[in-house]
Amino acid sequence: MLELRRLRLLKELHERGTIAAVADALQFTPSAVSQQLAMLERETGVTLLEKAGRGVRLTDPALVLVGHAGALLDRAARAEAELAAAAGTVAGRARIATFQSVALELAIPAMHSLAGAAPRLRTELIEAEPEQAIPALALGDVDLVLADEWQHQPLRLPNGLERHELFDDPVHLALPESLRHATFAELNQAAWTTGQPGMAWEEMTQRTCRALGGFDPDIRHRTSDATVSLALVARGLAVALVPGLAIPDEHPRVTLRATGVTRRILAVVREADAARPSVQAALASLGAPHRRSGEFRDRSSLELT
């Protein structure tokens, strides 16, 4: 009889590459992971791991077993979810991964709501960009991801994940007082601030500058925090394209203009967990906080000059 817990360790090793990474992700010691995998070898009667430099790699029989492990673990997770749904109790743990602006405006209010509505549910917040959070969700490290999807840049989800669309968040052009009357095309000489290379925010900035102004932006400042970008704008050091959720109610010395660009805010969960009362409660709690998005839709009616 194959032990599902050990099958998961083998699958995790295939996904993460090293025993140390598996141990770190699952909060085991490396020796404990090795012992469990050795027991799995004895259960199967075949060699599953072989040395490769300082690490190990999966043998061909191990890869065959990994192929079945995914289906077996998914089936077990669905059974557990349906059992929890039948019991109807909202309990256990809900790990929510998201990034700063959505954490402040959506995740934390939802967690506060859950604390009263489902006191037996332990909620945990992990700050992570979608590029890191989505793979973590697929591996089972978190239970729900709040992500964003930019126009012309659809979010690619691994198999086994499902998306729930929440609302559209308009993107604004943020200008310092010295450039408040500039047209978009006149910003070709301005310094820009945006996200890190290869991140969706940076790609959106480049795409929008080309579409609305016909130029490639001079990106001088990079940050994962829109608050930092707005501070640079307020000091006259840059201009930026900033999503509405990241803009505080008070934004002195910053002029905002609509762009017609939006990003979609999504909740993503594992298909196998969709029936869990904890996941259903977490998704339901997202309904009330995001009403504030209407404020940002109102801002999008501003004229772009």
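When only alpha-carbon atoms are used, what values of Rg and Dmax, in angstrom, describe the chain?
Both quantities, over Cα of the chain: 23.2, 74 Å.
Mind putting together the pair-distance distribution for the stretch 170-259? All Cα pairs, 5 Å bins, whole percent per bin, short to long.
Taking all Cα pairs of the stretch 170-259, the binned fractions are 3, 16, 30, 29, 18, 4, 0 percent.
Find the centroid of the Cα atoms in the stretch 175-193 and in the stretch 249-285, then give the distance between the two in whole Å.
First find each Cα centre; the distance between them is then 29 Å.
Calculate one ³J(HN,Hα) per residue across the stretch 13-19 by plugging θ = phi - 60° into the Karplus curve 6.51 cos²θ - 1.76 cosθ + 1.60, and present them in order as whole Hz with x for glycine and proline.
5, 4, 6, 9, x, 9, 5
For Glu3 paired with Arg54, estimate the spin-label separation in nm (one decimal), with each label point 7 Å from Cα along the Cα-to-Cβ line.
Output for this residue pair reads 2.9 nm.
Can you list residues whose amide H is under 5 Å from Leu161's amide H, if they're 5+ apart or on another chain and H is modeled 1.01 Å from N?
Glu271
Quick query: amide H of Val239 versus all other amide H atoms, modeled in the peptide plane; which residues come in under 5 Å with a sequence gap of 5 or more or a different chain?
Close amide H contacts, sequence-distant or interchain: Ala191, Trp192, Thr193.
Determine the calculated [θ] at 222 nm for the chain from helices alone, applying -39500 (n - 2.57) to every DSSP H run no shorter than 4 residues and normalising by the residue count; nearest 500 deg cm²/dmol. Write down the numbers at each step before the final one.
Working: 10 runs with 123 residues, N = 305.
Taken over the chain, the calculation gives -12500 deg cm²/dmol.
With the crude spin-label approximation of a point 7 Å out along Cα→Cβ, what separation in nm comes out for Glu203 versus Glu43?
About 3.9 nm separates the two model spin labels.
Please report the base-10 log of the normalised intensity I(q)/I(0) for the stretch 85-233, using a Debye sum with one equal scatterer per alpha carbon and no solvent, at each q in 0.17, 0.18 (1/Å).
So the normalised log intensities are -1.04, -1.13.
Per 0.36 nm of contour for each residue apart, how much would the distance between Thr18 and Phe215 grow if the chain were fully extended, relative to their Cα-Cα spacing? Mind dumping the intermediate values first?
On the way: separation 197, 0.36 × 197 = 70.92 nm, distance 4.44 nm.
Here the answer is 66.5 nm.
Compute the label zone of Ala231 within the stretch 247-267: residues whose backbone N is under 16 Å from the point 7 Å along Cα-to-Cβ.
Counting only backbone N, you get 247-248, 251-254.
Using the number of other C-beta atoms within 10 angstrom as an exposure proxy, rank Lys51, Lys11 with the fewest first.
Numbers: Lys51 8, Lys11 21.
Neighbour counts put them in this order, fewest first: Lys51, Lys11.
What dipole magnitude, in Debye to the nearest 20, does the chain give about its Cα centre under +1 on Lys/Arg Cβ and -1 on Asp/Glu Cβ?
It works out to roughly 340 debye.
Explain nothing, just compute: Karplus ³J(HN,Hα) = 6.51 cos²θ - 1.76 cosθ + 1.60, θ = phi - 60°, for every residue of the stretch 56-61 in order, whole Hz, x for Gly and Pro.
Each residue's phi maps through the Karplus curve to give 9, 9, 7, 7, 4, x Hz.
Once the dipole of the stretch 170-259 is set up with Lys and Arg at +1 and Asp and Glu at -1 on Cβ about the Cα centre, which of Ala182, Val171, Pro197 lies farthest towards its positive end?
Going by the charge dipole, the pick is Ala182.
So how do Asp273, Asp74 line up by other beta-carbon neighbours within 10 Å, fewest first? Can you show the working numbers first?
Numbers: Asp273 23, Asp74 15.
So the residues, fewest neighbours to most, are Asp74, Asp273.
Residue-wise, which Karplus ³J(HN,Hα) couplings in Hz belong to the stretch 232-249, taking 6.51 cos²θ - 1.76 cosθ + 1.60, θ = phi - 60°, and x for glycine or proline?
Values per residue, Gly and Pro as x: 5, 4, 4, 8, x, 9, 6, 10, 7, 9, 10, x, x, 4, 8, 9, x, 4 Hz.
Using only Cα atoms, tell me the angle between helix 108-117 and the longest principal axis of the chain; keep it within 0 to 90° and round to the nearest 10.
50 degrees
Quickly work out the Leu157-to-His251 label distance, labels modelled 7 Å from Cα along the C-beta direction, and quote it in nm with one decimal.
3.0 nm
Where both partners of a DSSP beta bridge lie in the chain, what percent of those bridges are antiparallel, to the nearest 5?
65 percent
Read the figures in this text as sums done on the coordinates, not as results from a lab. Treat the numbers as computed from the prediction; the structure is a model and nothing was measured. Reconstructed Cβ throughout: ideal geometry from the backbone, glycine too, with neighbour counts over all protein chains shown.
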